[in-house]
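Enquirer: Before we start, here is the structure in question, set down as structure tokens.
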Amino acid sequence: MNGPLTALASKEFRALLPVWAAAAFTIGADPLLRGTGMHSLFPLGMFAYIVGSLALGAHVIGHEFTNRTLASLLVQPCRRSSILLTKASILAVMLVALGFIARVVLFQSLARTFGNFPRYPTLYLPLIGGFCVAPYLTMRLRSQMAGVVFTATIPGMTYLLALLGGVIIYGTGAAAAEALALAVWMPAMWIVAAAGAVLSARSFMQLQDTDGGREELRLPRWFALTDASPIRPPLWMLAKKELRLQQMTFAMVALYALIWTALTIASRLNPEFGREFPIRGVGLLYFALLPLLMGSLASAQERQFGMLQSQAMLPVPRAQQWAVKAGVVLVLALVLGVVLPWFVFAPPQLSRASFWPLAASIVLLTTWSLYISSWCGSGIIALALLLPASATAMVLAKWIDWTVSALVLPQHSAGAYGVLTQPSVVFTSWVIAATPLAVLLLLFAARNHWTSERKPKTLAVQVAWLASWLLLTDVVLTVL
């Protein structure tokens with residue numbers, strides 16, 4: 001390999017390493033904590049495996065848009081096919097390494113519960129989607145978030161279309177319809193993967209730097225100015241700007257609405273399908289991903305677009321600007337994450353007792369993701385770093401539980417870890433502990449958002465404050 005391609009391979013490795021390391025750390029945390037009662041890290045590891053695989057595929061092209069290096073890449077004295085091969089090789093190595101870690105850690109855990117589960121090829125769909133489909137969608141939509149979100153929906157939408165075809169052929173309530181869907185689905189996935197690989201290669205060979213790396217989707221026209229008057233209430237304009245940053249959030253809500261509608265129709269037509277493929281699982285994924293996505297976009301995406309300097313020069317106090325940002329994100333999270341699913345999508349799957357715990361959990365997850373976003377330079381990096389940061393926070397809370405239990409009382413019912421992970425069980429204690437914690441996260445996020453400094457000392461001080469509050473909460477809850 002000649003010099004330019006060696007330098008390109010090194011650059012690609014450095015660009016993909018943070019995303020890969022974040023996913024690998026989260027996956028690898030599960031075996032280190034087995035037997036400690038931290039069962040919730042396993043689903044977090046599976047989520048990291050899926051999102052990490054797709055994020056790697058999106059980031060291999062998307063980081064050129066984010067860092068505005070696409071123009072310099074395309075004028076390198078190398079064949080474009082050689083550049084594509086180098087990028088694909090580094091991506092393949094990263095995905096294979098991540099898949100190996102997931103197989104050793106996650107799939108073996110599934111094997112103890114389901115004897116033939118690791119043999120299912122569906123477990124490797126995230127790797128295939130990350131290598132074949134996510135790069136094409138990222139180039140086509142000019143957005144890493146769009147590449148991840150839309151790639152993740154392809155398997156489910158393909159299965160639903162196959163099931164609909166089976167219902168049309170065999171009628172409702174027939175087991176043959178679902179059998180046909182299962183038989184057609186995996187070959188369809190291979191066809192989609194092959195088409196994605198061809199389109200990815202073709203798109204890269206024809207790729208042009210036309211918009212300076214700006215990542216955005218087109219919003220409805222009512223978000224834009226419609227008359228000639230340039231005078232607008234400044235706070236309203238700031239709120240509209242925050243809504244524009246949440247373009248992928250609206251796209252995700254629309255996709256969830258489409259999937260929920262299809263699943264509801266399928267379960268009504270075939271009750272057996274409703275029992276085997278519950279809508280609850282899709283809803284839980286929505287409730288978990290939505291606040292993380294919203295918080296990741298709120299601060300990091302603004303920094304990625306280079307808007308922070310101009311925002312700091314506006315004749316509006318920074319405190320008001322941050323209040324508008326945080327207010328819009330939290331209100332939007334409650335509307336899209338609680339009110340809309342509760343009254344439109346998910347009443348059959350949610351009990352009345354879970355409404356307020358769900359709302360409180362959405363608020364805390366949104367503030368947590370907003371805090372992580374304030375440390376990052378792009379939304380996809382913020383979403384990737386949320387996974388190991390969440391695992392670390394849970395480990396820290398569990399360690400505080402152990403420490404307080406050993407020093408104060410031998411046993412206690414709801415410590416910091418229990419409060420964070422089981423709001424529906426200890427809701428009153430959760431509110432007492434989480435409200436000041438959310439306020440601290442918002443204050444620290446505001447400080448990080450308005451500065452370009454990323455000092456380890458600042459992070460250490462903020463983590464110490466958060467840990468101190470968890471420790472104080474744990475002691476108070478234990479004594480009471």
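Enquirer: Please work out how much length the chain gains when fully extended from Met157 to Thr451, using 0.36 nm per residue of separation minus the C-alpha to C-alpha distance, in nm with one decimal. Walk me through the numbers before you get to the answer.
Expert: Working: separation 294, 0.36 × 294 = 105.84 nm, distance 4.19 nm.
Extra length from Met157 to Thr451 when fully extended: 101.6 nm.
Enquirer: Subtract the Cα-Cα distance of Ala319 and Val335 from 0.36 nm times their separation in residues, and report this length gain in nm to one decimal. Before the final figure, lay out each step's value.
Expert: On the way: separation 16, 0.36 × 16 = 5.76 nm, distance 2.38 nm.
Contour length minus Cα-Cα distance gives 3.4 nm.
Enquirer: Determine ³J(HN,Hα), in whole Hz, for all residues of the stretch 394-402 in sequence, where each value follows from phi through the Karplus function 6.51 cos²θ - 1.76 cosθ + 1.60 and θ = phi - 60°; x replaces Gly and Pro.
Expert: Once θ is set to phi - 60°, the couplings for the stretch 394-402 become 5, 5, 4, 5, 5, 5, 4, 4, 4 Hz.
Enquirer: Students often check this: by mean Cβ neighbours within 10 Å, which of 93-99, 258-264 ranks highest, and how do the rest follow? Please report the intermediate quantities before stating the final value.
Expert: Details: 93-99: 18.9, 258-264: 16.6.
So the peptides 93-99, 258-264, ranked by packing, come out 93-99, 258-264.
Enquirer: Right, here's the next one. At a 10 angstrom cut-off on C-beta neighbours, averaged per residue, how do the peptides 6-18, 436-448, 51-63, 369-381 rank from highest to lowest?
Expert: Most protected by this proxy first, the peptides run 51-63, 369-381, 436-448, 6-18.
Enquirer: Among the lysines, which have Cα under 16 Å from the Cα of Lys240 when same-chain residues fewer than 8 positions away are ignored?
Expert: Lys325
FYI, it's all coordinate maths here, none of it is from the lab. None of these values were measured; they are calculated from a predicted model. As a convention, Cβ positions derive from the backbone with ideal geometry for all residues, glycine included, and neighbour counts pool all protein chains shown.
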